[in-house]
Amino acid sequence: MNPLVLSTWSFGPVANAAGLRVLHAGGKALDAAEAAATAVENDPTIDSVGVGGLPDADGRVSLDGCIMTDPDRCGAVCCIRTYANPVAIARRVMERTIHVTLAGDGAEAFAAREGFAPAHLLTPAARSEWEKWRNDPRSIDRDHYRGWLPPVNIEEVRTGRAREPSHDTVSILVRDTAGALAGACSTSGMAFKVPGRVGDSPIIGHGLYVDQHAGAAAATGTGEIITGVCGSFLAVEEMRRGAGPLDAVLVVLRRIVERFRLLPEHQVALIAVTPSGAWASAALRPGFHHAISDTHGTRVEAAQRVLIA
Ligand code: ASP
């Protein structure tokens, strides 16, 4: 069977290359998903995942991540401040504990016991972005604690002159040569978030859901919105009921449009893969790209469908 790696945003090729290396060496989907996430986490030039991620409002980086192959095989960690690889730690949670999710100090103590090496996550570039934010009186609505909500010029995002601010999780879906599915999701969360905030990414069913019988889906974008509709779970359940992957992710996006009062800065995108290897990507707004690696090579492409053009 031909393997497939599908990941979010234009840094996806970093993830896909690492995932493909594992698959071509005979590795399983789970190993490929972890390797793909780790490669992005370790890249300090990517400011929304792992080392180099933008910090919270107090200037501290905190990372979230999860990994999954089936409802009874998943692990997650949140609010990791001193380790670079939340997805690898999440995998240990899955394999070595009876739990699914560890958070904060407990998750860090677990990582230390498991032998992970501590890392300094705040790079000079990320620190300087945080200083700019902190010194800009327009940056924060302090009364409502909304964090950084800069105005978005959709035209600039559409034409690539501006990137969407403050979110860009790497979500990865893999189908290996045996036809097994796995997924991983890793993020530093919303830039300049309220300290302690956890988004959708490490929450099973929200940022990621995988069921070998029904399919796999993963999300990126405004976590509070994805969480409100259990985005990835909903997409997988649609596939279980027979929907194709594109129709499944569009159900989630339409539900969001129906149930939220969306602001211009809100973006959500989803990717999905079926057990037979069909895949799709769609987004609420222009600007989202996925990276697909399959028999035709690796391409970075715009979402197949955009709901609010
Ligand atoms: N979903 C992530 C979060 O809310 C951010 C993102 O994907 O851009 O933490």
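Nothing in this text is a laboratory measurement; each read-out follows from the coordinates by a stated rule. As the structure is a prediction and not an experimental result, all values here were calculated from the model. Every residue, glycine as well, gets a Cβ built from its backbone with ideal geometry; the counts of neighbours run over all protein chains shown.
List residues of the stretch 178-194, by number, whose backbone nitrogen lies under 18 Å from a label position 7 Å along Cα→C-beta of Asn2.
Inside the label zone: 178-181.
What does the charge add up to near Gly27, with Lys and Arg as +1, Asp and Glu as -1, over the other residues with Cβ less than 11 Å from its Cβ? Walk me through the numbers before you get to the answer.
Details: positive: Arg21, Lys28; negative: Asp31, Glu34, Asp176.
Computed value for this residue: -1.
Could you size up the charge dipole of the chain around its Cα centre, putting +1 on the beta carbon of Lys and Arg and -1 on that of Asp and Glu, and report it in debye to the nearest 20?
Approximately 220 debye in magnitude.
So for the stretch 210-309, what percent of the C-alpha to C-alpha distances run longer than 22 Å? Walk me through the numbers before you get to the answer.
On the way: 1178 of 4950 pairs.
When all Cα pairs of the stretch 210-309 are counted, 24 percent exceed 22 Å.
Given labels modelled 7 Å from the Cα in the Cβ direction, how far is it in nm from Lys132 to Ala17?
In this crude spin-label approximation the distance works out to 2.6 nm.
Spelling out what I want: for every residue of the stretch 62-68, take phi, set θ = phi - 60°, compute 6.51 cos²θ - 1.76 cosθ + 1.60 (Karplus), and round to whole Hz; glycine and proline get x.
9, 10, 10, x, 8, 8, 7
Which order, highest average first, do 303-309, 109-115 follow once you tally other Cβ atoms within 10 Å for each residue and take the mean per peptide?
303-309, 109-115
Excluding Phe110 itself, what net charge comes from residues whose Cβ is under 14 Å from its Cβ, given Lys and Arg +1 and Asp and Glu -1? Walk me through the numbers before you get to the answer.
Numbers: positive: Arg81, Arg91, Arg92, Arg96, Arg113; negative: Glu95, Asp105, Glu108, Glu114.
Counting the neighbours of Phe110, the net charge comes to +1.
Placing +1 at every Lys and Arg Cβ and -1 at every Asp and Glu Cβ, with all other atoms neutral, what dipole size does the stretch 1-72 have around its Cα centre, in debye to the nearest 20? Intermediate results must be reported in sequence, preceding the final value.
Details: 3 positive and 10 negative charges, 67 e Å.
Rounded to the nearest 20 debye, it is 320 debye.
I want the local charge near Arg197. Using Cβ-Cβ distances under 10 Å, sum +1 for each Lys or Arg and -1 for each Asp or Glu among the other residues. All intermediate terms of the calculation are to be shown ahead of the outcome.
On the way: positive: Lys193; negative: Asp56, Asp64, Glu224.
Net charge around Arg197: -2.
Which distance in Å, rounded to a whole number, links the C-alpha centroids of the stretch 23-77 and the stretch 240-258?
25
So what's the back-of-envelope 222 nm ellipticity for the chain, counting only DSSP H runs of four-plus at -39500 (n - 2.57) apiece and dividing by all residues, rounded to 500? Walk me through the numbers on the way to the answer.
Working: 9 runs with 95 residues, N = 309.
Mean residue ellipticity, 222 nm, calculated: -9000 deg cm²/dmol.
One quarter of the convex hull surface, Cα atoms only: what value does that give for the chain in nm²?
14.7
What are the ³J(HN,Hα) values, in whole Hz, obtained from phi via the Karplus relation 6.51 cos²θ - 1.76 cosθ + 1.60 with θ = phi - 60°, for each residue of the stretch 285-290 in sequence order, with x given for Gly and Pro?
10, x, x, 7, 10, 10
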